[in-house]
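Shown next, in structure tokens, is the structure this report addresses.
The values are calculated or read from the model by the stated rules, or taken from the named source; none is laboratory data. Please read all numbers here as calculations on a predicted model, not as lab measurements. No Cβ is skipped: glycine too gets one built from the backbone with ideal geometry, and neighbour counts run over all protein chains shown.
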Amino acid sequence: METIAIPGGELTCEIAGQGVALAMIHQYTAVSAGDLLARTLTPLFRVHAINPRGLAGSGPVRDRRDLSMAAFAEQLHEARDALGIASWVVAGASTGGMVALLHALQDPSAISALVLIGTAPSHRFLQDSLYAPGHPRAAELARARPLALGDAADQARFADIVFRLSVADPEATPVPPGWAEPEVSMPRMMAFSEELSGFDLGPRLEGIACPTLVMVGRHDPQCPPAHSREIAGRLPRARLAVFERSGHFPYLEERDAFEAVLAEWARDHGLG
């Protein structure tokens with residue numbers, strides 16, 4: 001794990017692969033070059049798996065705002081400058097995709113492309129997601145929630161349950177070894193929950209002019225595909241790929257198809 005010096009602190013980062021620079025991010029779960037998503041990216045890109053303040057050794061957290069999505073987007077600008085990278089591709093899944101969109105709006109000249117997986121442009125994804133009370137499997141998630149506040153074993157059980165609820169076919173996609181191991185920042189997760197009601201990028205997305213690949217599983221219960229379609233419909237240079245046998249993790253559930261779509265898109269835009 002390397003560190004990137006930014007004003008008032010540092011961010012931890014792992015780097016792997018060759019080619020065009022790419023930042024891989026998530027809002028409250030630690031990322032690394034060994035992640036399942038990173039392994040699909042490193043054959044094409046030089047991946048920088050970057051963690052925000054308050055997670056995986058990055059810090060310090062100076063105030064509540066440092067835990068926000070907008071602050072992380074600003075930290076990415078500072079990290080890119082510190083690394084001496086003129087522009088980079090930014091890849092984010094789920095909440096990482098939300099931060100990637102904010103980063104592109106804040107720093108458009110420094111974003112060469114976006115890769116967005118199972119994400120949303122606003123808080124409205126909650127209305128039809130697994131987290132909505134009316135969702136057919138919401139009760140299963142609610143029963144499991146107390147485990148998230150338990151000991152390490154309980155938290156591992158909770159991660160397994162969320163995984164099984166999030167994939168299209170738990171029998172076809174068993175829980176990967178080490179799935180529950182990545183560090184999760186509860187303060188960052190709580191801050192995300194608190195700010196989410198005000199998150200709505202809406203028409204601002206039309207100002208993101210870089211090539212964008214939007215990928216989503218047909219059966220994604222966390223960020224349903226309608227929200228990826230909204231992103232692709234608003235961005236002028238977006239390409240949408242829907243994976244018919246996937247839920248929230250198409251890079252795992254349909255890895256070969258995911259890698260093929262990614263490679264074709266990167267080649268078409270001179271990124272591969």
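Can you pull out the residues in segment 159-174 that are modelled with pLDDT of 90 or more and hydrophobic (A, V, I, L, M, F, W, C)? Step through it out loud before you land on a result.
At the first step, the residues of segment 159-174 found to be modelled with pLDDT of 90 or more are 160-174.
If the condition is that a residue be modelled with pLDDT of 90 or more and hydrophobic (A, V, I, L, M, F, W, C), then I161, V162, F163, L165, V167, A168, A172 are the ones that fit.
Does R204 meet the test of being over 26 Å from G34 (Cα atoms) and surrounded by 13 or more Cβ atoms within 10 Å (Cβ to Cβ)? So that I can check it myself, show each step before the final result.
Numbers: over 26 Å from G34 (Cα atoms): yes; surrounded by 13 or more Cβ atoms within 10 Å (Cβ to Cβ): yes.
Judged against the criteria, R204 is a match.
Going by the structure shown, is Q155 polar (S, T, N, Q) and in contact (Cβ under 8 Å) with a residue 24 or more places away in the chain?
Numbers: polar (S, T, N, Q): yes; in contact (Cβ under 8 Å) with a residue 24 or more places away in the chain: yes.
So Q155 fits the description; yes.
If you go through segment 103-112 one residue at a time, do you hit one that is farther than 14 Å from L201 by Cβ and crowded, with 21+ Cβ neighbours inside 10 Å?
Quick first cut of segment 103-112, residues farther than 14 Å from L201 by Cβ only: 107, 109-112.
Restricting the remaining residues to those that are crowded, with 21+ Cβ neighbours inside 10 Å gives 111.
Yes, because at least one residue in segment 103-112 is farther than 14 Å from L201 by Cβ and crowded, with 21+ Cβ neighbours inside 10 Å.
Which residues, taken from segment 158-189, are touching a Gly at 6+ places or on another chain (Cβ under 7 Å) and among the charged types (D, E, K, R)? Don't jump to the end; show me each part of the working.
Kept after step one, since they are touching a Gly at 6+ places or on another chain (Cβ under 7 Å), are these residues of segment 158-189: 166-168, 185, 187-188.
Correct list: R188 only.
Within the set of pairs 6 or more residues apart or between chains, which connect a residue that is among the basic types (K, R) inside segment 232-243 to a residue that is assigned to a loop (DSSP other than H, G, I, E, B) with Cβ atoms less than 8 Å apart?
R234/P121; R237/A209; R237/C210; R237/P211; R239/P211
Please go through segment 207-224 and pick out each residue that is of a type in the set (G, A, S) and surrounded by 20 or more Cβ atoms within 10 Å (Cβ to Cβ).
First pass over segment 207-224, keeping only residues of a type in the set (G, A, S): 207, 209, 217.
Hit for segment 207-224 is G217, nothing else.
Of all residues being of a type in the set (V, I, T) and in contact with a Phe, Trp or Tyr (Cβ under 7 Å, 6 or more places away or on another chain) in segment 163-196, which is surrounded by the most Cβ atoms within 10 Å (Cβ to Cβ)? Just the residue, please.
V167
Return the residues of segment 1-31 that are of a type in the set (S, T, N, Q), in contact (Cβ under 8 Å) with a residue 40 or more places away in the chain and under 21 Å from G272 (Cα atoms); say none if nothing qualifies.
None; the set is empty.
Which residues, taken from segment 2-29, are over 17 Å from A56 (Cα atoms) and either buried (at least 18 other Cβ atoms within 10 Å of the Cβ) or of a type in the set (A, V, I, L, M, F, W, C) (or both)?
The answer is A16, G17, V20, A21, L22.
Would you pick out the residues in segment 141-170 that are part of a helix (DSSP H, G or I), among the charged types (D, E, K, R) and farther than 22 Å from V216 by Cβ? Spell out how you get there, then give the answer.
Taking segment 141-170 and keeping what is part of a helix (DSSP H, G or I), we get 141-149, 152-166.
Those still in the list that are among the charged types (D, E, K, R) too: 143, 145, 154, 157, 160, 164.
The answer is R143, R145, D154, R157, D160.
Determine if segment 225-242 includes at least one residue that is modelled with pLDDT of 95 or more, of a type in the set (S, T, N, Q) and either surrounded by 14 or more Cβ atoms within 10 Å (Cβ to Cβ) or under 30 Å from R62 (Cβ atoms) (or both).
Scanning segment 225-242 turns up at least one residue that is modelled with pLDDT of 95 or more, of a type in the set (S, T, N, Q) and either surrounded by 14 or more Cβ atoms within 10 Å (Cβ to Cβ) or under 30 Å from R62 (Cβ atoms) (or both).
Which of the residues that make up segment 243-253 are hydrophobic (A, V, I, L, M, F, W, C) and crowded, with 24+ Cβ neighbours inside 10 Å? Show your work before the answer.
Of the residues in segment 243-253, the ones hydrophobic (A, V, I, L, M, F, W, C) are 243, 249, 252.
Of everything in segment 243-253, those that are hydrophobic (A, V, I, L, M, F, W, C) and crowded, with 24+ Cβ neighbours inside 10 Å turn out to be F243, F249.
When the residues of segment 46-70 are narrowed to those that are touching a helix residue (DSSP H, G or I) at 6+ places or on another chain (Cβ under 8 Å) and touching a residue at least 60 places away in the same chain (Cβ under 8 Å), which ends up surrounded by the most Cβ atoms within 10 Å (Cβ to Cβ)?
P52
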